[in-house]
Structures are given as C-alpha cells and as structure tokens.
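What follows is a single structure, written as structure tokens, with notes after it.
Nothing in this text is a laboratory measurement; each read-out follows from the coordinates by a stated rule. As the structure is a prediction and not an experimental result, all values here were calculated from the model. Reconstructed Cβ throughout: ideal geometry from the backbone, glycine too, with neighbour counts over all protein chains shown.
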Amino acid sequence: MENNNLIESYFNCPFTSREAVYDFIAQKIKTQQLSSAEIKAAFLEREAVGDLQIAPAVIMPHFENAQLVDSKIIIMHLKEAVAQWNPQIKAIKLIIVFLLKTNESAETKQTMIRFTRQLADEAWLAQLSAATEETTFTQLLKIEN
C-alpha cells in the first residue's frame, strides 16, 4: 500500500465477478452500522444511476455515507479480467473504489481530489491495468501533488 491510510491497493486479485469484488470490498470497509448487504446494495444503487466505466477495462464504483468510519480509495488490479461486470460493462481489469464519509475533513477531500485528477490520464490508467509486477503497480499509485 502506498501513500497513507486513505489508499489501499491490491494486486493480482483473483476475483471473476462483480459479486466477489463487492463482497471483498464490503469486508474491507469500516462502518458504524452498515451490513455487508447494505454496502453491496449501495454500490448497486449507484450503478443503476450512472455508468461506472471511466476508461477501457477500468471502473470506479463509489458512494458516500455518514456510516463510514473512514473515507477510502481502494484500487484493485485483477489477475484476470471480469468478463462481464454487468450487461453494459465487460472485460474489467482495474477497479478504483471511492468511499467518502459524509462531512469528511478538507485535507482528506484534497487528497482524494488530487488522486481523482490522475484518473483523467488514460495512459496512466492503461499502465495500471497492464502492470505485470506489483512494484510497478505500487509506484504508479503515488499521488502527485
């Protein structure tokens, strides 16, 4: 993991379905009262509102909730692409999850904004998706100021 406690990265994750990914994420999130089922439902509700795909092979599931203990960015490089995330999204290799605690500090929001700016760089996203070594993947995740 690089940067600070805000960002967690996982390389060569073995997940092959949306359900497996959301189960894993639900286990990693600290909440005051949200159940795993409620977390997964929040992701699915957000998917219903708009497209998660931000680049070829890259999606960004996200939600904001007052029950989150900490805001977090979770970056997951998949060992094999998820063939079909949903009927519209296929061949996903990189998942960038944004979890925002309601009323988060300005400092944390600024860090998240800096990271978000990097998402506009499709070449950078392609490098993350195509990384074959964990050290390369981790180096690419350093937040630029």
Just need the relative contact order of the chain here, percent rounded to a whole number, with Cα pairs under 8 Å and 6+ apart.
28
Row for the range 1-134, column shape: gyration tensor on C-alpha, a ≥ b ≥ c, rounded if a/c < 1.5 i.e. under 1.5, prolate if a/b over b/c, else oblate; value oblate
Whole-Å distance linking the alpha carbon centroid of the range 75-93 with that of the range 104-123 is 23
Separation of the GLU45 and LYS79 label points, Cα + 7 Å toward Cβ, nm
3.4
Can you give the calculated 222 nm mean residue ellipticity of the chain, where each DSSP H run of n ≥ 4 adds -39,500 (n - 2.57) and the sum is split over every residue, rounded to the nearest 500 deg cm²/dmol?
-11000 deg cm²/dmol
Point-to-point label distance, SER17-GLN127, nm (Cα→Cβ direction, 7 Å offset)
3.5
Relative contact order of the range 24-76, pairs being alpha-carbon contacts under 8 Å that are 6 or more residues apart, as %
43
Are there any GluC sites (Glu not before Pro) in the range 1-90 that are in a DSSP loop and have at most 14 other Cβ atoms within 10 Å? List them by number.
GLU2
What FRET efficiency do you get for ASN5 and ASN86 if R0 is 30 Å and r is their Cβ-Cβ distance, rounded to the nearest 0.05?
0.45
